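Here's the structure we're looking at; comments come further down.
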């Protein structure tokens, strides 16, 4: 999810949901107080970070596809800790690599963190149960990953539509997103299953302690999803009523009509803006050089 | 991104942490002020309209001035900020394709809105990346985590951010070791997929073991989740000045169309 597709209202609403989820998970993690979880969370976060750098961009939507890893983390760490790890990786990516952006951070934490951990993981547990049969585990991982990613894709489409900024028609967008995320889901399911079975043979102790009662997260999880839907609906409704011309604007865009000068953001000549901007930039550089010369002399 | 590129960017990141131990007026400020200023900066930049290009240019003053006055090497900051370009270009690429309605007329040449918004996206990403890199360079990541916690982030998440950062370095070092070991034993053959799978699995386990040893060593030396950076953390007059001054400038640049007025004044004067 990129900043460019998001309106401040939807971004803020999702940010609120994400922040609440972070607070709730933090409280649970602190209460459970499993000290040995801390280094594992850090390591898995580092791994996830490296894995997510392999970005394959989906043309036309402004989104990029990469392995989410939320399901895998939930299997290895338990849902609350996994959510925090995903959130931390997304925060670092948004802050230091401008990947996604701060406005989209709430959406990303919800789509890539909340959905796989609190919807995909319970599904995985329901299918896999306590069995160690590799086929069953792989099937569970595949289904969990595919469902998480499809829900994530639907969420992105919903957030884009609610924002009302994108020029991309809804049907085209959905037609792009869903099949691609199906493919990504299959890959992620396979990778998750492979890593889980590897850990199970090499380090079974890692998986034993994670017997988080899935029932205890179902209630709050449903609550968060409902809250997210309500908030997004309110944001979208608010936008629609306040700016009816937003709709005409998007219709004009998709039919490739030329913009009337009145709706142009340039109230003055664009040349003046560019001249002023370049001058300001040059001024800033001069100030910078002067400061540098002063600090070099000390 | 290729593996050497990833490792290269990680190493640059550690270089930023080294630079953060410098001593200048900016370095000595409380981390919270610097974090808040960066957040306001990013908010102001990101909230600009999708077709704003000229209005974004003066925002470059922030990273330029801070880099200059803190005495940090501009080349490192610049290189790290440029990392964002490929992603920004990919995100912006659909715009010229889908947004072809003419927006500007410059000397009879019609420029479509798509190109303008793409340029805007690239500039925006550069600005956000530069601000973040500068923040790490003058503050250091541990101090940033501490500041975020004092500004309201829950401690488990702040601790996780810190460990994520530390273990990225551990992971990188282990991966390099494994890579050279494989190269020495593989007699010039390229890495096969099967070997890659098992190497990654071993990397995970080995990094985890090492991380656990590091964590236990930290606990043995008294780590309880607090963040210390060795600098006094008072939020005094200098911090208020820094915060107020920069935020006022950003909000002014964001809300008033100063650049257009400056440009019009200059053009009017030239006529």
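The values are calculated or read from the model by the stated rules, or taken from the named source; none is laboratory data. Being a predicted model, the structure only gives us computed values, none of them experimental. Here the Cβ is made from the backbone with ideal geometry for all residues, glycine too, and neighbour counts use every protein chain on show.
Considering segment B:146-156, and only residues there that are more than 10 Å from chain A (Cβ to nearest Cβ) and in a helix (DSSP H, G or I), the residue that is nearest to residue A:24 (Cα to Cα) turns out to be B:149. Scanning segment B:7-54 for residues that are at the interface with another protein chain (Cβ under 8 Å from one of its Cβ atoms), over 17 Å from residue A:8 (Cβ atoms), crowded, with 18+ Cβ neighbours inside 10 Å and modelled with pLDDT of 75 or more turns up B:53, B:54.
Every residue, every condition in (1) surrounded by fewer than 17 Cβ atoms within 10 Å (Cβ to Cβ); (2) closer than 19 Å to residue B:152 by Cβ; (3) at the interface with chain B (Cβ under 8 Å from one of its Cβ atoms), yes or no:
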{"position": "A:6", "(1), (2), (3)": "no, no, no"}
{"position": "A:15", "(1), (2), (3)": "no, yes, no"}
{"position": "A:21", "(1), (2), (3)": "no, yes, no"}
{"position": "A:26", "(1), (2), (3)": "no, yes, yes"}
{"position": "A:35", "(1), (2), (3)": "yes, no, yes"}
{"position": "A:41", "(1), (2), (3)": "no, no, yes"}
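Scoring residue A:65 on the criteria (1) surrounded by fewer than 21 Cβ atoms within 10 Å (Cβ to Cβ); (2) more than 12 Å from chain B (Cβ to nearest Cβ); (3) at pLDDT below 85 leaves a single failure, condition (2). Scanning segment B:97-143 for residues that are more than 10 Å from chain A (Cβ to nearest Cβ) and modelled with pLDDT under 75, we see that the one that is nearest to the chain's Cα centre (by Cα) is B:109. Residues in segment B:181-192 include none that are out of contact with any helix residue (DSSP H, G or I) (no Cβ under 8 Å at 6 or more places or on another chain), under 30 Å from residue A:36 (Cβ atoms) and within 14 Å of chain A (Cβ to nearest Cβ).
Would a scan of segment B:61-70 turn up a residue that is within 28 Å of residue B:143 (Cβ to Cβ), at the interface with chain A (Cβ under 8 Å from one of its Cβ atoms) and part of a loop (DSSP other than H, G, I, E, B)? Within segment B:61-70, not a single residue is within 28 Å of residue B:143 (Cβ to Cβ), at the interface with chain A (Cβ under 8 Å from one of its Cβ atoms) and part of a loop (DSSP other than H, G, I, E, B).
Among what's in segment B:71-89 and is assigned to a helix (DSSP H, G or I) and either surrounded by 19 or more Cβ atoms within 10 Å (Cβ to Cβ) or on the phi > 0 side of the Ramachandran plot (or both), pick the residue that is modelled with the lowest pLDDT. Result: B:87. For the criterion of being touching a residue at least 40 places away in the same chain (Cβ under 8 Å) and assigned to a helix (DSSP H, G or I), residue B:131 passes.
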